[in-house]
Amino acid sequence: MSDSVAPAKTEQKRAINRLKSMYPLRNLVAQDYINTLQASNEGKPTVWAMLNYWEGDLPLKAMGLNIVYPENYSTLMASSGTAEPFLDASDSDGFPTHMCGYGRSTIGYSFRMMKQNDGKIPPEAPMGGMAKPTLLLGSGIICDARFKWFQALSRYFDAPEWCLEMPMMGTFEGTEPDLEEYQVKFLVRELRDFIAFLEKLLGKKMDWAKLEELIEVGIKIHETCWQIHELRKVSPCPMHSTDFWSSMPPALFFAGDMYEALKCYQDMLTEVQERVKNKVAAINYPEKYRIVFAELPPWHSLKFFDNLAEMGWNFVYESYGYHNPRPPDLSKVSDPVEKLARLSRNFVFNVHPYAKADGIENPIVETYLRIAKGWKADGLFLHPLISCRAASAGLRSVQDQLQKRLDVPTLWVEGDIIDKRVFNPQETLARAEAFEQTMEHYRKVRKSRGLDW
Amino acid sequence: MAIATNKGLSLAREIYADRSKRVRELRRDGKKIVGYICLYPPVEIITALGLVPFRIFGDMSEPITAADRVSTTMVCPFVRSILDLGLKGKFDFLDGVVGAHTCDIGAGIILQWRDAIKDAPFTHLLDVPHTDHAPAVDYFEGQINSFKRHIEELAGEKLTDDKLKKACEMHNEQRKLVRQLYDLRKPDPPLLSSAENLEVMVALSSLPVEEGNSLLEDIIQEVTERKVKPSPKKVRLLVWGPVFDNTALYDLIESADAHVVVDDTCVGTRAFWADVKPPYNLHALAQHYLVDIKCPRTYRQAEPFETRRDYDKDLDSRFNYIKKAIVDWGVNGVVLQSVKYCDTHGYEVPNLRHYLDTLGIPSIYIEHDYSERSMAPIKTRVEAFVETLG
Amino acid sequence: MSGYYLGIDIGSVGSKAVVIDGSRIISSAVIPSGTNYATTSAAVKAEVLKLAGLKEGDITASAATGIGGRNAGAGSYHSVILCDARGVNLTFPAARSIIDIGGQGSQLTSINETGQVIDFSVSEICATGSARLLQVVARILQIGIEEIGPLSMKAVRPSNFSTSCTVFLETEVITRISQGDKPADILAGIHRSIAEKISGMARGVALNPEVAVIGGGALDIGLILAIEEKLGMKALVPENPRIIAALGAALIARG
Amino acid sequence: MDIIASKLFFTGIDIGSTMSKAAVVDAEGVMLGYVIGPTGAEHRRRANMVMEDVLAKCGVSLDEIAYIISTGYGRVNVPFADKQVTELTCHARGVAALFPDVRTAIDIGGQDAKVLKIKNGKLVDFLTNDKCAAGTGRFLEVAAETLGLELNEMGRISLQSDTPVKINSLCTIFAQQEIIASLSEGKPLPDILAGVYIAIATRVVKLARQLKVEPPVVFTGGVAKNGGMVKAIEAVLGMPVSVPPEPLITGCLGAAILARDEAFKLINRGEYKLQKKQLSEAYIEFTEKTR
């Protein structure tokens, strides 16, 4: 059915063939901002939380709290082109300029709100803004900024704060078999303390039944998402990275109503399955190259991916940190707190299963080797960031090892999540043309080595 | 003992200038040398197992060239410098390397070491939790325990309660002696320059604990008795920040009519304020490192489970040890220095400066890229700061 | 392939044009880049056509590259990486690596025997490591660009520079002069720091012999020597290293 | 005392990265005159020349100079100075002498930019950029070179613009390429120039905001002579700024005034004689009388 590859003429306006099921998922995030503003107006508690890989999201939701995620909000600032004045505001309050762009933009937001605008939302804030928090939830997972940045917000808000713990990513020191139970025990104790703290703060008891129910919904969401992204291994790839980024929040931090989110992801799975059946690609051009993107995207310049799509570049997988792994089988676990601990811990140790057997002792490298093999990458688009250390530090090793072990080459393009001044789309496109030759070359090399793509 | 030709401050200077000299000698005599990164790996365990702990620093005078192969330019230059030296084979005398997840980039050194440097046969990465919560202390104790099991293999012997107790006592003795060393800078003018002090601190991190202790005893006596003393200067400063292992900054500050009399840096006092408490077991070590060492890398609050946060109370709970140092050492200005791209210290800056403001202590913030050459532009700013204090 | 093909490379310092027929260079021209890319393009095109004794209508196809290449009015635009690869492959068929030291940045490219790009690395965000530095220093020392190389070879103790910012380096050079550093030592120091930067870029890109060094920086024998020393290999330098990217563009236009 | 005091003069010498400046004040702190010349490669010789020039201009002989303070980045290269003081302190003092109420001073020099917080005429806090040339006068020079304009005509031309071009580059060298690209796209010259000014102003104001800008604001340094730059600073800052009639000399003026203060302090403590080996008769007379 080769005709079905060619899209109808009317759809050719955009080079990327967006999934229809993506839009309702994208809208779920907007709903959170609206709900939180409304809750705040009604005097109800509101939470600013860091991405915490579900440890905090689910207990907060079970307690009926409205949550916004400053990290997500800064991507909105970046994509709406409103981040710069907030970055400047952070600088002007004395925070060093080299730090996390997300941190700086929401520190700037808080400064504008509390020190320059009488505690009211600054008028230039996109999406109506984030309501003033009554609780700050920091997290010790993935990067230092996640708890230091929230601690620094004490400068503006008298809101109490909790910092959630998580063992560090997959290393052999953390993956010895007898360590799993010890880590779960640690997280269970931490979570019980956290819930006790929430109960004290809100003056009401945890709704345990609700928590269990939400965990179950969350597991279903994750299972569905996992299935969707496994389907992207086929050629042509049915779903583009931009659709993933637009639709990830309801799985990444359970944005919006979780029941609705589950339904939306199930619709997405159906749509992706349809595409696979009909060999419909995520781009409206023949899929010439399958690209994996690492790490955080240039939120301010996403249109750039349309230009690459016109060249036949399909982005088939991306950003390991935003993907949930397949959820573990927790049917035998009865304690909801333990279930939650195991679900969250699974992110750290299953996105990064430790793979000493391959002789690789670097979890991020291992992850990208697995992705490049699984999703048959022709090339890796590496996007080291000026203002994010955690996502950039290990990329040279990723580049080296992918080249060495799999003959998958890398296009290295420096940029930033927030600051668009350091990213040059035009120059990058010119380089992409040269990179096509590189990818062609290594395709031959891989064939000669007996690799199957 | 082999290095008897030199003594006291001049020995400290000799070791400062050639840090690996002594441990290379010890290695030739059959000792195993264990490098450690950051001050969170419990050196007591290394010492107790008959191994020699050696703190790994970068080199501010060595341009970073090889590290570009394994790291991007936008990360902590201290970490990059260590990787650079490693890739250039300058840590070839180590039998083992222990890293800690004290910050993300620092933890990455061990991963890169395994990937690209491969010099030491033994590597271990210690996970350090982010809070001082009680479950975190227990978790850290578990981490220390698996480190202990792992490094026992390198040592070829088991850790016993008795060996650990002895090692804790020796390291506590070193902590006490370091505090006495710092006391020498309480008078005005101080009896010891800050550059001399740093040379001693760096020497301690390059020697077995017992040699460090006798060096400290010699130096304290030497300084107390020496005739030539530092000349009086206009102001007395405290230097705060992450790792600083080179005398360049201190020389620069002291050339600007100021004495640095005390510090809160991780080569200086940070590891030495508090002792490991008896009983000297793994839990005591977890408590010491995670809770008693005050580094911004650990999240702490005025009190656990607090449902209201008070900014000033929060700051005081986090920084009052600095206030105490300011009072005890008669400090009239604070230099906040940080390595570029250090998130853990960077987020602290406006809040710490605010805290110092409330104490009426002027402060200045300077950022450098962990190279001697980045000191030059800082000179004018430090001089102007001293001028504003006068 | 019959016909004439035009390649244009509008760089930040110089603008270059090459006309080829089926297989060889008919003419080439290099003029300084002015402040208007379109005008500069027209001028260099006119010059190269005049030297070839051709009219615009004689050109079958054209392609452009370089920072101002999009304003050149050529048939297509390509990145310098691609053009370098083609140009070097014709000039030095044995070359497998290319170092292009341009006026505002440098590129490292590795190619196979057909001139296909296998890998590349581009200096970014900061002008350090480009030939721009040499221009600036030549101006301070009041010498011509062409004098830099020979003079630098008289260096005894190459100066060490603390900054890598091109603009601040200017001040540092002045300071060094006032401290009594010899011009030869200063130049050798600059060569070292550029070579240092370039070898840093060489990381992911496997620098296989033979290595061709092209671009304006390749005119400087001192810099070539510093690079050879740093990389530990001999460099191939074309007779006219500045026109290689334009030559590559002409080859791409030819198809 | 008045009679003798009237015979005392004090000099400040500011060896900047591009320009050297010197000023002489009398015992009242009133400026007699100043000179400005380029800083070449040889600071020491430059310091001597500037000293000679300023003495000639003010009609004062070296013997009559009681105290000399050097400042600026070449301050260590003034062998005959009695004391070196940083340009930050000197600028603050000089600005406060001209504008006694000043709270914030912004100075953009050839290679650096600085922001000073001043209280009661004294420097209390400051920030400098010293890592990147963007946001300094050098940026303007590069722009002028690129556009083939004289520095002093740029400001006037830029004032004709109401839609400044956006200059994004973080690096002066790349900004130059952006300027050329804008020209090639046919953007009008005034808009490009205005864009350059906005780019510099944005960087400097960002620095200033860290210190919490309080009015009145004074703008100094060579760049402050440029009307376009002043307009850009005011626009980005959102408040008016004052510019001294000669914005280059605040540093050396401050140094001269500080020299006067310092000399009087020593004189009053009776230590002056020890400081200065070659005293003119007037000083000896003065110091003996004050005892």
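Residue pairs exceeding 21 angstrom between C-alpha atoms, taken from A:148/A:200; B:176/B:294; A:148/B:313; B:186/D:265; B:313/D:212: A:148/A:200; B:186/D:265; B:313/D:212. Most mobile of C:97, C:106, C:121 per a Gaussian network model of chain C (Cα springs, under 10 Å)? Ranking C:97, C:106, C:121 by mean-square fluctuation puts C:121 first. Take every pair of alpha-carbon atoms less than 8 Å apart whose residues are at least six positions apart; their mean separation over the length of chain B yields a relative contact order of 19 percent.
Could you give the distance between the Cα centres of segment B:22-88 and segment B:347-390, to the whole Å? So the two Cα centres are separated by 28 Å. Summarised in one figure, the compactness ratio Rg/Rh of segment D:125-242, Cα atoms and Kirkwood Rh, is 0.95. Rounded to the nearest 20 debye, the dipole size of chain A about its Cα centre is 780 debye, using +1 on the Cβ of Lys and Arg and -1 on the Cβ of Asp and Glu. Based on Cα contacts under 8 Å between residues 6+ apart, segment D:71-230 shows a relative contact order of 27 percent.
Projecting the Cα atoms of B:283, B:341, B:329 onto the dipole axis of segment B:279-359, where Lys and Arg carry +1 and Asp and Glu carry -1 at the beta carbon, places B:341 farthest toward the positive end. When you filter the trypsin sites (Lys or Arg not before Pro) in segment B:266-362 for DSSP loop state and at most 13 other Cβ atoms inside 10 Å of their Cβ, you are left with B:308. Seen from residue C:9, the other residues with C-beta closer than 14 Å to its C-beta sum to a net charge of +2, counting Lys and Arg as +1 and Asp and Glu as -1. Restricting the calculation to Cα atoms, segment A:15-448 yields a radius of gyration followed by a Dmax of 21.3, 67 Å. Take every DSSP beta bridge with both residues inside chain C and express the antiparallel ones as a percent of the total, to the nearest 5. Here the share of antiparallel DSSP bridges comes out near 60 percent. Ordering D:119, A:132 from the fewest to the most neighbouring beta carbons within 10 Å gives D:119, A:132. Charging the Cβ of each Asp and Glu at -1 and of each Lys and Arg at +1, and nothing else, the dipole of the protein assembly as shown about its Cα centre rounds to 760 debye.
For residue B:29, what is the net charge nearby, where nearby means another residue's Cβ is under 14 Å from its Cβ and Lys, Arg count +1, Asp, Glu -1? Summing Lys/Arg as +1 and Asp/Glu as -1 gives +4.
Projecting the Cα atoms of C:97, A:371, D:23 onto the charge dipole of the protein assembly as shown, computed from C-beta unit charges around the Cα centre, puts C:97 farthest toward the positive end. DSSP beta bridges fully contained in the protein assembly as shown are about 40 percent antiparallel. Between the Cα long axis of helix A:22-41 and the first principal axis of chain A there is an angle of about 20°, rounded to the nearest 10. Just to be sure I understand the curve: with the Debye formula and one point per C-alpha of segment B:8-159, what is log10 I(q)/I(0) at q = 0.11, 0.13, 0.20 Å⁻¹? The calculated log intensity ratios at q = 0.11, 0.13, 0.20 Å⁻¹ are -0.44, -0.62, -1.30.
Per residue, the average separation of C-alpha pairs within less than 8 Å and at least 6 apart gives chain A a relative contact order of 20 percent. Rounded to the nearest 20 debye, the dipole size of segment B:8-159 about its Cα centre is 520 debye, using +1 on the Cβ of Lys and Arg and -1 on the Cβ of Asp and Glu. Remark: D:49, A:166, C:201 ranked as D:49, C:201, A:166, counting other beta-carbon atoms within 10 Å and listing the fewest first. The lysines whose alpha-carbon is closer than 17 Å to the alpha-carbon of residue B:90, local same-chain residues fewer than 8 away aside, are B:21, B:32, B:118. Positive-end ranking of B:271, B:192, C:13 along the dipole of the protein assembly as shown, with charges on Cβ about the Cα centre, is headed by C:13. Going from the residue with the fewest nearby Cβ atoms within 10 Å to the one with the most, A:245, A:208 rank A:208, A:245.
Here the Gaussian network model covers chain C, with springs between Cα atoms less than 10 Å apart; of C:81, C:98, C:177, C:177 fluctuates the most. Over the protein assembly as shown, all Cα pairs binned in 10 Å intervals from 0 give whole-percent P(r) values of 1, 8, 15, 20, 21, 17, 11, 5, 1, 0, 0, 0, listed from short to long.
With both residues required to sit in segment C:94-237, DSSP beta bridges show an antiparallel share near 60%. Once the Kirkwood radius over Cα pairs is known for segment C:1-148, the Stokes-Einstein relation at 20 °C and 1.002 mPa s delivers a diffusion coefficient of 132 µm²/s.
None of the figures in this text is laboratory data; all of them are computed from the coordinates on show. Keep in mind that what you see is a predicted model, and the values were worked out from it rather than measured. FYI the Cβ positions are ideal-geometry reconstructions off the backbone, even for glycines, and counts take in every protein chain you see.
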